[in-house]
Amino acid sequence: MNVSVIGTGYVGLVVGACLAETGNHVIGADIDGDKIEGLQGGKIPIYEPGLDSLLLRNVAEKRLRFTTDIGSAVREADVIFIAVGTPPDEDGSADLQHVLQVARTIGENMNAEKVVITKSTVPVGTATRVREEIERWTDHPVHVCSNPEFLKEGAAIEDFMRPDRVVCGIDGEAARAVLEELYEPFVRTGNPLIFMDVASAELTKYAANAMLAIRISFMNQVAALCEAAGADVSVVRHGIGSDRRIGSSFLFAGAGYGGSCFPKDVEALIRTGDDLGVDLSILKSVHEANARQKKLLAQKVKARFGDDLEGRQFTVWGLAFKPETDDMREAPALAVIEELLEAGASIVAHDPQAMPTARRWYLGDRIAYGEDAYAACEGSDALIIVTEWLQYRRPDWDTIRSALRSPAVFDGRNLFDPGRMRALGFSYYSIGRRDVD
């Protein structure tokens, strides 16, 4: 099948590479000339395990190519995925200008009947607007579908190749047949290919992410209650997660959620509810709770060292919003670092993948960066762990104690046992458990 993917960001690259891997001829198109030039030269603009080898193999075998000529990509395709960004607008709603601009370009270049699939995360009603925009510029028939992505950063290739489910919002049997053929290689093991109306598919994506965000914020509030009551959130989590009706996923207390999906999608769903006259008060509370949670580690640092941190230095391990990615969008580390900088502290950070991202987009030279995790600890008053990279889970505590001015660890992911940290001679502060002073 001839497929074009408009947008070569995180979603577009994963979709394009995985569809090419199953034998389709795929064009990745983007207006960013530098990005396309880099991709044509084998330079992958994001870090995602397994993506580089997948892309390079399919480019070499001529099933995948990249272009800035969006019109040509439209004309050559039978199926067109829209995978451009939908950043939050000032009011929290999804900004659809890029999606609708792509729709116009599709309409202007339609040369036959085509299936257009919105892969971008978009609010209910977007497919209708995309169809209207395309039909303004063409008389060729078009099928506009919604096929939301459920890819976890750090495991996106596995998620696409072996999905829990594939959700497809369709406008008729012709689109259904195309999507069945396209996704058949990925659902051979029996995981469902779920067809529904387009509006329901659009809402499913937001509802799924909102549900996960609810679980995270709920557990973070339970953690606050545990601290006040002298309980341990880790064993509480085990106790409630053992209930088959609840399960254990997304019940880990921590420093808050971030990334490109949860914060944006919760806000966008709240705005959709407001537009439709539905008060999604539970999501408003989740959004506010997460904003507070992101500052919790910095507040714990201030409780130990005082509100004036002038002359203090702190080491932050983990800048990406989660492990196995270099994505820092809405990362909890940003909130922690900003709070400490405002209090006069200096920061030395380390992250296995996200330090170039931090230098380029977010923090620049406002903080220092350690050449390795242990070098970053040298001369600091405490170590603050924000992202649970595997390499941080079994550190050399003797080296850390020697490097720090005082043996204090603030653990935003509850990676270590408080009793063991006490035995090692550290002051240890985590989330929802008793402090070790």
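What to note about this one:
- Extreme residue, farthest from residue 264 (Cα to Cα), among residues of the range 152-177 that are touching a residue at least 60 places away in the same chain (Cβ under 8 Å) and buried (at least 20 other Cβ atoms within 10 Å of the Cβ): 175
- Output for the range 179-217, where each listed residue is in contact with a Pro (Cβ under 9 Å, 6 or more places away or on another chain), polar (S, T, N, Q) and part of a loop (DSSP other than H, G, I, E, B): 191
- Filtered by the rule that a residue be among the charged types (D, E, K, R), buried (at least 17 other Cβ atoms within 10 Å of the Cβ) and without any contact (Cβ under 8 Å) to a residue 60 or more places away in the chain, the range 93-128 gives a lone residue, 114.
- Looking only at residues in the range 388-414 that are in a loop (DSSP other than H, G, I, E, B) and in contact with a Pro (Cβ under 9 Å, 6 or more places away or on another chain), the one that is surrounded by the fewest Cβ atoms within 10 Å (Cβ to Cβ) is 388.
- Where strands (runs of 3 or more DSSP E) sit wholly within the range 1-75, those with at least 3 residues that are within 30 Å of residue 358 (Cα to Cα) and assigned by TED's automatic domain parsing to the domain that holds residue 119 occupy 64-67.
- The residue that is surrounded by the fewest Cβ atoms within 10 Å (Cβ to Cβ), among those in the range 201-217 that are more than 30 Å from residue 176 (Cβ to Cβ) and touching a Gly at 6+ places or on another chain (Cβ under 9 Å), is 216.
- Considering residues of the range 218-267 that are of a type in the set (Gly, Ala, Ser) and assigned to a helix (DSSP H, G or I) only, the residue surrounded by the most Cβ atoms within 10 Å (Cβ to Cβ): 223
- Checked against (1) assigned to a loop (DSSP other than H, G, I, E, B); (2) crowded, with 18+ Cβ neighbours inside 10 Å; (3) over 23 Å from the mean Cα position of the chain (by Cα), residue 322 meets all criteria but (3).
- Single match in 340, 334 (criterion: surrounded by 20 or more Cβ atoms within 10 Å (Cβ to Cβ) and either in contact (Cβ under 8 Å) with a residue 40 or more places away in the chain or assigned by TED's automatic domain parsing to the domain that holds residue 317 (or both)): 340
- Among the residues making up the range 302-319, a single one is surrounded by 24 or more Cβ atoms within 10 Å (Cβ to Cβ), in contact with a Leu (Cβ under 7 Å, 6 or more places away or on another chain) and not aromatic (Phe, Trp, Tyr): 315.
The values are calculated or read from the model by the stated rules, or taken from the named source; none is laboratory data. It should be emphasised that the depicted structure is a prediction, and the values quoted were computed from it without experimental measurement. Virtual Cβ from ideal backbone geometry, glycine too; neighbours counted across all protein chains shown.
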